[in-house]
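Just below is one structure, and these are the notes that go with it.
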Amino acid sequence: MTQDTRRRRADAQRNVEALIEAARTVFATSGVDAPAKEITDLAGVGVGTLYRHFPQRSDLVKAVVRTGIDAVADAGPELSAAHPPERALSLWIDRFVELLGTKRGLASALHSGDPAFEGLPGYFMERLGPTLTALLDAAAADGAIRGDLGAEDLLHAIALLCQPAPGREPGHGRRMVAVLVDGLRYGAAEA
């Protein structure tokens, strides 16, 4: 492989990363149906570059979702190393809530029936399930939370609580998740 080829590959990778980051930002403010030009302007690339790497809008949405899931999953071990188990769990749940709450229109897109999104629910559980299981097990072993709730149930409960509720302000879901987390602490001492 020549130096020129490596440089082009590095440039292409930087463009992909810039597009995903720009899309994440734009989706949070304008929703997943935002104009492609808004994304490419923020990324500092042309529209052609966007479509070369992400030929369909669903390809970009999927990349944004996967990188968000990966970032939350990867945060688990880092948080566990830096904080006591209960605090690590709480901080991780905050990151998960942020992932769910900052993607306007994403849930609708993911549940649209588009075959491009078929593998995401499995990927979601594959990446986040083991991380949350480790955090829950550590906090339960420490006596900080009850140990009778599994990762899959908790992930689904949090996701449901974070769905926009008619007539409720945006912080409503986060408050409801805080109540759920408080419930994890209830009865921990007896267990």
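The values are calculated or read from the model by the stated rules, or taken from the named source; none is laboratory data. Because the structure is a prediction, the values reported are computed rather than measured. So basically every Cβ, Gly included, is an ideal-geometry build from the backbone, and we count neighbours across all protein chains shown. All accessible areas refer to the heavy atoms of the entire protein, side chains included, with ligands and DNA or RNA removed. Shrake-Rupley method; radii C 1.70, N 1.55, O 1.52, S 1.80 Å.
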TODO: Identify, by number, the condition in (1) touching a residue at least 40 places away in the same chain (Cβ under 8 Å); (2) on the phi > 0 side of the Ramachandran plot that Asp33 doesn't meet.
DONE: (2)
- [ ] Among what's in the range 1-51 and is open to solvent by 70 Å² or more (accessible area, probe 1.4 Å) and of a type in the set (A, V, I, L, M, F, W, C), pick the residue that is modelled with the highest pLDDT.
- [x] Leu42
Task: Evaluation of Val97 against (1) assigned to a helix (DSSP H, G or I); (2) open to solvent by 60 Å² or more (accessible area, probe 1.4 Å); (3) at pLDDT below 95 (one fails), failing number - done: (2)
TODO: Report, by residue number, each residue of the range 121-139 that is over 17 Å from Ala71 (Cβ atoms) and either exposed (fewer than 13 other Cβ atoms within 10 Å of the Cβ) or in contact with a helix residue (DSSP H, G or I) (Cβ under 8 Å, 6 or more places away or on another chain) (or both).
DONE: Pro121, Gly122, Thr133, Leu136, Ala138, Ala139
Open item on the list: If Leu60 meets every condition in (1) surrounded by 13 or more Cβ atoms within 10 Å (Cβ to Cβ); (2) among the aliphatic types (A, V, I, L, M); (3) at pLDDT 95 or above apart from one, which number is that one?
Closed with: (3)
Open item on the list: Scan the range 64-78 and tell me whether some residue there is at pLDDT 95 or above, open to solvent by less than 20 Å² (accessible area, probe 1.4 Å), more than 15 Å from the chain's Cα centre (by Cα) and not β-branched (Val, Ile, Thr).
Closed with: no
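Let's see how each residue does on (1) touching a strand residue (DSSP E or B) at 6+ places or on another chain (Cβ under 6 Å); (2) loosely packed, with under 12 Cβ neighbours inside 10 Å; (3) at pLDDT below 90; (4) not in a helix (DSSP H, G or I):
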position	(1), (2), (3), (4)
Gly113	no, yes, yes, yes
Ile145	no, no, no, yes
Leu155	no, no, no, no
Leu184	no, no, no, no
Glu190	no, yes, yes, yes
Task: Qualifying positions in the range 40-63 - more than 19 Å from the chain's Cα centre (by Cα) and in a helix (DSSP H, G or I) - done: Thr40, Asp41, Leu42, Ala43, Val47, Gly48, Thr49, Leu50, Tyr51, Arg52, His53
